[in-house]
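The values are calculated or read from the model by the stated rules, or taken from the named source; none is laboratory data. Not measured: the values here are computed from a predicted model. Here the Cβ positions follow ideal geometry from the backbone for every residue, glycine too, while neighbour counts run over all protein chains shown. Just so you know, the surface numbers come from the protein's heavy atoms only, side chains and all, with ligands and any DNA or RNA stripped out. Shrake-Rupley method; radii C 1.70, N 1.55, O 1.52, S 1.80 Å.
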Amino acid sequence: MALLPFSSLDRAQQLTRWRDLVVVFGKLGLFAFGGPAAHIAMIEQEVVQRRQWVSQSRLLDLIGVTNLIPGPNSTELAIHLGLEYGGFWGMWLAGTCFILPAMVMVWILAIIYRHSQSLPQLSWVLYGIKPVIVVIVIQAVVKLGRKGIKGWTTGAIAVGVALLSGLGVNEIGLMILGGLVALVSDRLINSKPSGLSLVPLVDLVAQLPTFLPMELRRDSWGVFLVFLKIGSVLYGGGYVLFAFLQQDLVERLGWLTAQQLIDAIAVGQFTPGPIFTTATFIGYLVAGHGGAIAATVGIFLTGFVLVLLLHGWIERLRQVQWTAKILDGVNAAALGLMAVVTFKLGAEIFDVFGLVVGGVAAIALWRLKLSSIWLIIMGGIIGAVYKYVLGSNYG
């Protein structure tokens, strides 16, 4: 059953929805390890399977749109869902609650790092969590694939994108290619399309300023400008983020050393939530507490703005034949990329411990229908026991 529009609810019902958003995305912000693919899988379980806030088809459309704009995809998906379920303020609640737990954790680690010039040994946390993440992502790919693969064309797009991604082809290029292949295929079968165009919007986003003044003060305002620029033009996820940070902060501005950047990247990898909260760590190192806040606001702000501008167009994109076909192709490409991420994550846990934990997690998820949040908590505990009590040499 479709949810009532937020604007049609009375005040008590609206407050209930805002509370729901805080609970759901606060939990995800605390326990969503594993990067964007894993985040999306956990969001799918929480908002589609357990709460039925949106359909799987609607979620796929939201995923497709987030892949066409710069910024952190899983965070922008949370913002879209907040706007859909809780209106304007719901958008801010969902996004903030997803970002804030990771931001606080990274901020604390930055303070420890500044005083000790080293990081706590936390890699054991991931040892038990990674197999669980793989199982969660596999389930999401299977379930979303049932909706996203609508015929031989979208199936071929998903497989082709997965193969090309495995060969190292750029992710955003593959997303665009998936949409174009779906459109061309439709053109060969149906009459000439007409209607709303998404391409000008993509071009507009792509041409946002990619430069900064050569001289910036090493203060909160300077940090904000650097990360606002990065958040406004960055496609391609965490590894592309690291390239931007290396170019701007290490080579051009000299605000970080290469070792500090490597340590910042490590923090982003082993904390939950958006990997873009690496910005919090760097902002603190550069300009203290004000820098931590400025960097975090700067890198995420564009995502909130773009979601607010785009969200109302999604239905129109789906209603017009040719933009709907582009969206189908982008969705299929996203599924292909998620499949590649699953394979890469699976390769990292290919030992007896990983296979056993993954097998138990699969049974708990598919047969017992346990929440992914509890599975991640249990995975972390099991990893700790295996490493410290049984004397594992991992890490």
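If packing is taken as the mean number of other Cβ atoms within 10 Å per residue, what is the order of 96-102, 328-334, 147-153, 370-376, highest first? Display every interim value, and only then the final one.
Numbers: 96-102: 23.6, 328-334: 29.4, 147-153: 16.7, 370-376: 20.0.
In descending order of packing, they fall as 328-334, 96-102, 370-376, 147-153.
How large, in percent, is the carbon and sulfur part of the accessible surface of the stretch 254-327 at a probe radius of 1.4 Å?
Here carbon and sulfur together make up 66 percent of the probe-accessible area.
Which lysines have a Cα lying under 23 Å from the Cα of K27, excluding residues fewer than 8 positions away in the same chain?
Within the straight-line cut-off, K27 pairs with K130, K143, K369.
Quick one: what are the phi-derived ³J(HN,Hα) couplings along the stretch 47-61, Karplus 6.51/-1.76/1.60 with θ = phi - 60°, whole Hz, x for glycine and proline?
Per residue, the Karplus-derived 3J(HN,Hα) values read 9, 9, 6, 7, 10, 6, 5, 9, 7, 5, 5, 5, 4, 4, 5 Hz.
Got a number for carbon plus sulfur as a percent of the stretch 4-136's accessible area, 1.4 Å probe? Intermediate values should be presented prior to the final figure.
Values: 3100 of 4720 Å².
Accessible surface attributable to carbon and sulfur in the stretch 4-136 totals 66 percent.
Spelling out what I want: for every residue of the stretch 90-103, take phi, set θ = phi - 60°, compute 6.51 cos²θ - 1.76 cosθ + 1.60 (Karplus), and round to whole Hz; glycine and proline get x.
Using θ = phi - 60°, the values come out as x, 4, 5, 5, 5, x, 5, 5, 6, 7, 4, x, 5, 4 Hz.
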